[in-house]
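Engineer: Sharing a structure with you now.
Derivation of every value follows stated rules applied to the coordinates shown; laboratory data play no part. Computed from a prediction, not measured in an experiment: that's the story for all the values here. Cβ atoms come from the backbone with ideal geometry, glycine included; neighbour counts cover every protein chain shown.
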């Protein structure tokens, strides 16, 4: 267990360093392809995106809603993952012991 | 709850949260980009697939394994997260996201995947400033319909040709990603092209997507192959009937 955690920590450190290096050497802005592609072609055709119905793209609000969405999606996924892959195994083990 | 599961859950949640922290903008066509006529037309194209998916979901919920609903829930959460997860592509210097619809289609079927994708896209358009409500039909057609049916089509074809299921799942993921962006390019070029042929705008848009989507498609293929293998090894009972339907026999 201890070895696994150390390996995981080392892998995370290597990933963080590589990512940091990648950001340093690349002068790109890492824009989404909608901005780099979709909006570019739309603007050339004279069409601009309009404000969404609920505009959460304001300051850090968008980070907050993405974080909430990620956490909610993670919990829902985890709940059903447990239902599919663990509760069944637990049930089988219980049956086997009985 | 076993302790390794607790550990995995503890690692999974922050990973998902960190992965989804940065807003992603990619295949989703933003609000107002498409002219009203085209936006309406894509709604009409998407509608029969959504209705088919809802009927399929209702029928299979009552006839298939009781775990089918849980599988749909898991796949739904995965599609929602995957399709708003920005991935930086160092070759291109841009970010984009995989779609997850190829994997979803081979796990729960393409029609149900359209429903799952529609729900994910509605939530993203409403709360994440990601896509738009007027362009929802176009986004459902590119990501839900094209991604799911083309990925599933390749999966079935390769299984029938005798390819290993993991390879077929890899190709399904790859094809669904590329198909999504090809259809997005088509939707944009049809809606935005100046007087003359829409194809003259289709090619430049498709080419502009390529540097980001070619590597991401491969990544999506790897994700689909790995996830399919993981799920079918642990719950082969959920897929036996579906495989029999495709092949009329259970493959090794």
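Engineer: At 7 Å along Cα-to-Cβ for each site, give me the label-to-label distance between residue B:91 and residue A:40 in nm.
Structural biologist: 1.6
Engineer: Dividing the alpha-carbon radius of gyration of the range B:31-247 by 2.2 N^0.38 Å (N being the number of residues), what value is obtained?
Structural biologist: 1.00
Engineer: Quantify how strongly other chains surround peptide B:137-144 by giving the mean number of their Cβ atoms within 10 Å of each of its Cβ atoms. Present the calculation step by step, with values, prior to reporting the outcome.
Structural biologist: Values: counts 0, 0, 0, 0, 0, 0, 0, 0.
Per residue, the number of nearby Cβ atoms from other chains is 0 on average.
Engineer: So, one more: Efficiency by 1/(1 + (r/R0)^6): what FRET value for residue B:197 and residue B:52, r their Cβ-Cβ distance, R0 = 35 Å, to the nearest 0.05?
Structural biologist: On the way: r = 32 Å, r/R0 = 0.93.
Once the sixth-power term is evaluated, E becomes 0.60.
Engineer: Rounded to whole Å and sorted largest first, list the principal axis extents of the Cα atoms in the range A:1-50.
Structural biologist: Taking max minus min along each principal axis of the Cα atoms, the range A:1-50 gives 59, 24, 12 Å.
Engineer: For the range B:56-95, list residues with backbone N below 14 Å from a point placed 7 Å from the Cα of residue A:68 toward its Cβ?
Structural biologist: From the range B:56-95, the list is empty.
Engineer: Could you compute the FRET efficiency for residue A:10 and residue B:207, with r as their C-beta to C-beta distance and R0 at 41 Å, rounded to 0.05?
Structural biologist: Details: r = 40 Å, r/R0 = 0.97.
For residue A:10 and residue B:207, the calculated efficiency is 0.55.
Engineer: When Cβ neighbours within 10 Å are restricted to other protein chains, what is their mean count per residue of peptide A:41-51? It would help to have the intermediate numbers written out before the result.
Structural biologist: On the way: counts 10, 8, 2, 4, 9, 2, 8, 3, 9, 6, 5.
Average neighbour count from other chains, rounded to a whole number: 6.
Engineer: Calculate I(q)/I(0) for the range B:136-233 by the Debye formula, one identical point scatterer on each C-alpha and no solvent, and give its log10 at q = 0.14, 0.19 Å⁻¹ to two decimals.
Structural biologist: Rounded to two decimals, the profile gives -0.56, -0.88.
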